[in-house]
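Colleague: Once you've had a glance at the structure underneath, I'll fire off some questions.
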Amino acid sequence: MKNEKEILLTLLKSKVFYVALAMLAGLFILDALGLKIGVAAVSGETSLGVSALSSAGFQFVSMLKIVPPIFLMIGLLDIWVPKETMIRFMGEKSGLVGIFIAFFIGAMSAGPLVAAFPVAQIMLKKGARYSNVLFFLSIWASAKLPILFFQATALGVTYTVITNLTLISVYLVGTLLIEKALSPQDKALIYGLAEQA
Amino acid sequence: MDLSTIIIYGIALALLIVSLVKDRGKTKKAIKKGWMAFIKILPVLIPLFLIVGIVLSLVTPAMIKQVMGEESGIIGVLIGMVIGSVAFMPPFVTFPLGAELLSNGAGYPQVAAFMTTLMAVGLVYWSAETKFFGSKAVILRNSMAFIASGIVAFVVWMVM
């Protein structure tokens, strides 16, 4: 009961929720005006608003099918992996090992990027180096193994190899640059957010 | 359910069993922690998926085909990057669309620009990501992904 109340409260306090509702209302207004854009223009879908709600629902449900093991592993990691272990394998001095682990976990994952945020957060909470966590997030976003297979079948092996090798190299340099660009206060804020989780 | 999902379920289940064998109390705690992490993310997910639904109903593959088919060159790359940053698409729609764009006459660099931003730059994720890492980190990550997509398009242009 307490949880439900809290979810509702946070939801009602978030600005994006109202932005989303306003946009949704806008779609229904477009429907009422009889404007045919987006899906309404192509697939003979009668209502933009209804189609937005139904695809939101569909995407939400398909995400729910993937995330239970991810959150279970977040819980297990939180309880079983001590801070020292995380620092040793992914912390400031973990070097190539840390990068490799970040890559491996990111590439082996499944699910939308939003499911990676709590995983990244628990890594930070346990003392992983920021650049490693950022690298993990970037790999999750663009170079997951299942996605690579899909990419290679649809667009060819050459394309897949070139784009992903380039992406991985840019991310390797980029994550280190971002880490340098963040001031100690910025980092304190990020790790502070993770600490509360 | 695809193979990767099954594998992840398998790994999680195996870890759960190991944990249960080692320590029941700790396992209970772990499950509770995982559940709490999920509950915490729910209020972020609801508006996020509403926006995803809205974007999906406004930015359709047909529209993208129209816009990306006509422009080539650097302008085409930039258009691809902008649409890719704003749009959201599940992977099973993304790649067939990429193949279709190519057969409709769009070039590899333009398609690469579109698809890499589509995956890595997530304007729909903005508010959710901010709640986890603060806005500066989110701006930097998305900028890096945007620049990376430009570089990918350039490399594809040179090599392919």
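Colleague: Considering only residues that are open to solvent by less than 40 Å² (accessible area, probe 1.4 Å) and out of contact with any Lys or Arg (no Cβ under 8 Å at 6 or more places or on another chain), which ones fall in the stretch A:73-84?
Modeller: A:76, the sole residue that qualifies.
Colleague: Something else about it: Does the stretch B:42-57 contain at least one residue that is within 30 Å of residue B:111 (Cβ to Cβ) and aromatic (Phe, Trp, Tyr)?
Modeller: Yes: one or more hits.
Colleague: Sticking with this structure for a sec: May I ask you to verify whether residue B:12 is within 30 Å of residue B:157 (Cβ to Cβ), surrounded by 15 or more Cβ atoms within 10 Å (Cβ to Cβ) and touching a helix residue (DSSP H, G or I) at 6+ places or on another chain (Cβ under 9 Å)?
Modeller: no
Colleague: Continuing with the same structure: Can you find a residue that is open to solvent by 30 Å² or more (accessible area, probe 1.4 Å) and without any contact (Cβ under 8 Å) to a residue 24 or more places away in the chain anywhere in the stretch B:108-128?
Modeller: yes
Colleague: Suppose the filter is at the interface with chain B (Cβ under 7 Å from one of its Cβ atoms), open to solvent by 10 Å² or more (accessible area, probe 1.4 Å) and of a type outside the set (A, V, I, L, M); does residue A:151 pass it?
Modeller: The answer is no for residue A:151.
To keep it simple, each residue is scored yes or no on (1) open to solvent by 30 Å² or more (accessible area, probe 1.4 Å); (2) in a helix (DSSP H, G or I).
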{"site": "A:23", "(1), (2)": "yes, yes"}
{"site": "A:27", "(1), (2)": "no, yes"}
{"site": "A:36", "(1), (2)": "yes, no"}
{"site": "A:63", "(1), (2)": "no, yes"}
{"site": "A:71", "(1), (2)": "no, yes"}
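Colleague: Here's another thing I want to ask about it. Considering only residues that are under 16 Å from residue B:144 (Cα atoms) and of a type in the set (A, V, I, L, M, F, W, C), which ones fall in the stretch B:113-131?
Modeller: B:113, B:114, B:115, B:118, B:119, B:120, B:121, B:123, B:126
Colleague: Provide a single number: the residues in the stretch A:154-168 that are open to solvent by 30 Å² or more (accessible area, probe 1.4 Å) and more than 9 Å from chain B (Cβ to nearest Cβ).
Modeller: 3
Colleague: Can I ask one more? Which members of the stretch B:108-160 meet the condition of being in contact with a Leu (Cβ under 9 Å, 6 or more places away or on another chain) and either of a type in the set (Asp, Glu) or not in a helix (DSSP H, G or I) (or both)?
Modeller: Listed by number, the residues that qualify are B:122, B:129, B:134.
Colleague: Hey, another quick one. Could you say which residue among A:119, A:170, A:81 is closer than 28 Å to residue B:118 by Cβ, touching a residue at least 24 places away in the same chain (Cβ under 8 Å) and among the aliphatic types (A, V, I, L, M)?
Modeller: The conditions single out A:119.
Colleague: Further question on the same structure: For the stretch B:43-75, which residues satisfy the criterion of being under 26 Å from residue A:196 (Cα atoms) and open to solvent by 30 Å² or more (accessible area, probe 1.4 Å)?
Modeller: B:46
Colleague: Here is a further query. Are any residues in the stretch A:73-86 closer than 13 Å to residue A:123 by Cβ and part of a helix (DSSP H, G or I), and if so, which ones?
Modeller: Hits for the stretch A:73-86 are A:73, A:74, A:77, A:78, A:83, A:85, A:86.
The values are calculated or read from the model by the stated rules, or taken from the named source; none is laboratory data. Just so you know, these numbers come straight off a predicted model, no measurement behind them. Every residue, glycine as well, gets a Cβ built from its backbone with ideal geometry; the counts of neighbours run over all protein chains shown. Surface areas here come from the heavy atoms of the whole protein model, side chains and all, with no ligands, DNA or RNA. Shrake-Rupley method; radii C 1.70, N 1.55, O 1.52, S 1.80 Å.
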